[in-house]
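Notes follow once the structure below has been shown.
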Amino acid sequence: MSRDFQLPGRSPVYATNGMAATSHPLATEAAVNTMRRGGNAIDAAITASAVLAVVEPAMTGIGGDCFAIYAEAGKPLVGINGAGRAPAATDLQWFLDRGLDEVPVNTPQAVTMPGAVDAWDRLLKDHGTISLGDALQPAIRFAEEGFAVAPRVAYDWAQYAGDLSGDEGSSAIYLKDGAAPVEGDIYRLPQLAKTLRVIAEKGRDGFYGGKIAEAMVKHLRALGGVQNLDDFAGVEADYVDPILCNYRGIDLAEIPPPTHGVTAQILLKILEQFDMENLDPDGGQRFHLEIEASRSAYRFRDKYIADPDHMTVSVEGLLSEQLAKDLAGKIDPDKRTADLGPVDVPGGSDTIYLTVVDSNWNAVSFINSIYKPFGSSIADPATGVLFHSRGNCFQVDPGHPNCIGPGKRPMHTIIPAMVMRDGRAILSYGVMGAAYQPVGQIHALTNVFDFGMDIQQAFDHPRLFGPSGPVEYERGIPEATRKNLAGRGHELSEVDAPHGGGQGVFLDWDRGVLVGGSDPRKDGSALGF
């Protein structure tokens with residue numbers, strides 16, 4: 001699909017030796033510089049992620065979690081689960097006694113153990129060529145010397161400044177005179193810089209033990225948290241086998257539960273039952289099917305996805321061909337289905353995203369998050385660590401597999417993706433945006449493989465989201481399409497902020513070129529060499 005150069009937009013980026021695509025230009029540059037010095041995709045990805053933990057504080061940080069899929073040429077896919085667990089002293093009864101039906105976001109009860117730093121360390125030791133200390137150097141420089149606040153970063157900061165003002169650490173570190181910085185301001189994070197220097201010197205143990213861990217525990221417990229030093233010391237990322245799901249000759253790889261990557265795969269398998277490639281990519285029929293398929297997929301997510309040690313159904317059952325056909329058969333192609341029926345499985349059980357492909361065409365799909373904007377809005381004033389709020393993803397329901405409990409991992413919304421063909425990675429990509437991510441991934445994937453868009457066009461394309469409640473559409477959705485959807489029975493509402501953001505690199509093995517794209521909904525860029 002050719003680009004119209006008379007209209008606003010940007011071209012995809014082409015290169016041959018390596019490419020990075022992140023949500024911030026400073027992180028993209030750091031990744032490319034790492035590869036120019038001889039580093040590989042893992043080195044570059046973790047360097048970029050650390051930079052983003054400084055320059056995009058509303059979206060990510062060392063107080064959060066991460067997941068990654070690594071496709072090393074000629075070897076099986078590697079997945080890593082860098083999700084932290086609930087503290088050992090977590091007690092469901094505490095929530096029930098207070099009549100809570102969810103884990104409140106801006107509280108220490110929402111703070112599960114941060115798993116990102118351990119996952120970074122393990123990936124570098126097992127698959128990288130540089131040390132964690134080397135990878136942290138650009139981030140340390142930006143935290144100490146300052147960085148210019150980018151437009152989307154400024155927008156997010158301003159939106160959630162009120163949440164930050166409620167915590168002593170957050171207001172002191174992430175606000176200036178009680179206000180968020182504005183676009184173009186130079187901002188420094190000296191407390192975080194000192195913490196990063198300790199991690200660079202002592203490795204992951206410098207974060208999960210010693211004075212840093214003691215300070216984090218002290219701050220959280222002073223606010224009513226139950227975290228202790230053993231909880232931090234026990235954090236350990238796990239290698240996992242990515243789940244593959246076939247779609248018209250390609251395989252979509254996702255990290256298994258507790259992520260909801262399987263939600264994207266259920267959605268994709270439902271859409272496979274329809275003649276997608278012959279639809280208008282901007283038309284009502286395409287978006288109607290996307291909405292209805294997502295309604296089914298998310299119902300299964302909400303009922304079944306949890307820490308795999310506590311799931312009551314298998315991933316194989318969720319991805320069965322029969323289930324996809326049954327769910328597709330419940331979709332009325334002409335109107336919204338009022339009742340989707342019971343959620344039964346056939347027998348059998350805010351965020352940054354970046355991607356890097358190196359000179360050997362090893363690809364990594366990488367995502368790091370503190371969940372809600374600014375996470376829990378709790379920051380330790382001594383270390384500058386902003387804690388995530390991933391515990392909010394737990395259920396407060398004793399009968400639910402995702403019920404909060406000691407040592408459990410919550411259902412996770414962040415999902416890196418990799419598309420494979422004939423055993424090789426052909427697209428390393430992801431779409432940010434909390435619950436939107438499965439729909440965003442499949443919208444972008446079908447844009448490329450059904451509708452012939454390049455990766456940049458796939459991200460530029462307008463989006464909507466409506467697995468429950470009104471369908472929230474971006475202003476880019478054509479008016480005729482909105483009227484068509486309303487006529488099919490969908491309630492529509494214009495969304496305030498855009499749906500997510502995305503990055504991707506397409507690996508064109510036939511021509512020997514890498515093609516990168518970066519979502520205009522963020523400040524980011526793709527850059528190759």
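The values are calculated or read from the model by the stated rules, or taken from the named source; none is laboratory data. Given the structure is predicted, the values throughout are model-derived calculations rather than measurements. Neighbour counts run over all protein chains shown; Cβ positions are idealised from the backbone, glycine included.
Values computed for the structure shown
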item: Any strands (runs of 3 or more DSSP E) falling wholly within region 311-422 and containing at least 1 residues that are within 30 Å of D231 (Cα to Cα) and touching a Pro at 6+ places or on another chain (Cβ under 9 Å); result: 351-357, 363-369
item: Among the residues listed as L279, L268, L252, L220, the single one being buried (at least 20 other Cβ atoms within 10 Å of the Cβ), farther than 24 Å from A119 by Cα, modelled with pLDDT of 95 or more and of a type in the set (A, V, I, L, M); result: L268
item: Region 462-487, residues that are closer than 11 Å to F287 by Cβ and surrounded by 18 or more Cβ atoms within 10 Å (Cβ to Cβ); result: R463, L464, F465, G466, V471, Y473, I477, T481, R482, L485
item: Any hit, region 146-164, residues being surrounded by fewer than 21 Cβ atoms within 10 Å (Cβ to Cβ) and closer than 27 Å to A233 by Cα; result: no
item: Any hit, region 187-204, residues being surrounded by fewer than 15 Cβ atoms within 10 Å (Cβ to Cβ), of a type in the set (A, V, I, L, M, F, W, C), over 26 Å from the mean Cα position of the chain (by Cα) and more than 30 Å from D519 (Cα to Cα); result: no
item: Selected residue (criterion: surrounded by the most Cβ atoms within 10 Å (Cβ to Cβ)) from residues of region 1-26 that are in contact with a Ser or Thr (Cβ under 7 Å, 6 or more places away or on another chain) and outside any loop (DSSP other than H, G, I, E, B); result: A20
item: Residue within region 82-94 that is more than 20 Å from A58 (Cβ to Cβ) and of a type in the set (F, W, Y) present; result: yes
item: Selection from region 9-59 of residues that are under 17 Å from the mean Cα position of the chain (by Cα) and among the small types (G, A, S); result: A20, A21, S23, A27, A45, A48, S49, A50, A53, A58
item: Residue that is surrounded by the most Cβ atoms within 10 Å (Cβ to Cβ), among those in region 385-401 that are over 19 Å from C66 (Cα atoms) and not acidic (D, E); result: P401
item: Exclusive hit being over 26 Å from the mean Cα position of the chain (by Cα) and either more than 27 Å from M453 (Cβ to Cβ) or polar (S, T, N, Q) (or both), set D309, D326, D275; result: D326
item: Within region 439-487, tally of residues that are among the basic types (K, R) and within 21 Å of E272 (Cβ to Cβ); result: 1
item: Set R141, R122: member being of a type in the set (K, R), within 12 Å of A50 (Cβ to Cβ) and over 19 Å from the mean Cα position of the chain (by Cα); result: R141
item: Scan of region 464-490 for residues that are within 16 Å of A293 (Cα to Cα) and assigned to a loop (DSSP other than H, G, I, E, B), ordered by number; result: G466, P467, S468, G469, P470, R488, G489, H490
item: Test: residue in region 307-314 that is more than 29 Å from E474 (Cα to Cα), crowded, with 16+ Cβ neighbours inside 10 Å, of a type in the set (A, V, I, L, M) and in contact with a Lys or Arg (Cβ under 6 Å, 6 or more places away or on another chain); result: no
item: G261 being under 26 Å from the mean Cα position of the chain (by Cα), at negative phi and buried (at least 24 other Cβ atoms within 10 Å of the Cβ); result: yes
item: Enumeration of residues in region 299-327 that are among the β-branched types (V, I, T) and either modelled with pLDDT of 95 or more or in contact with a strand residue (DSSP E or B) (Cβ under 9 Å, 6 or more places away or on another chain) (or both); result: I305, V315
item: Qualifying residue in region 45-57 (condition: in contact with a Leu (Cβ under 9 Å, 6 or more places away or on another chain) and surrounded by fewer than 24 Cβ atoms within 10 Å (Cβ to Cβ)); result: no
item: Condition met for S349 (hydroxyl-bearing (S, T, Y), more than 13 Å from the chain's Cα centre (by Cα), surrounded by fewer than 21 Cβ atoms within 10 Å (Cβ to Cβ) and modelled with pLDDT under 95); result: yes
item: Yes/no for T112 being over 24 Å from H24 (Cβ atoms) and buried (at least 16 other Cβ atoms within 10 Å of the Cβ); result: yes
item: Qualifying residue in region 229-248 (condition: among the small types (G, A, S), touching a helix residue (DSSP H, G or I) at 6+ places or on another chain (Cβ under 6 Å) and under 26 Å from D118 (Cα atoms)); result: yes
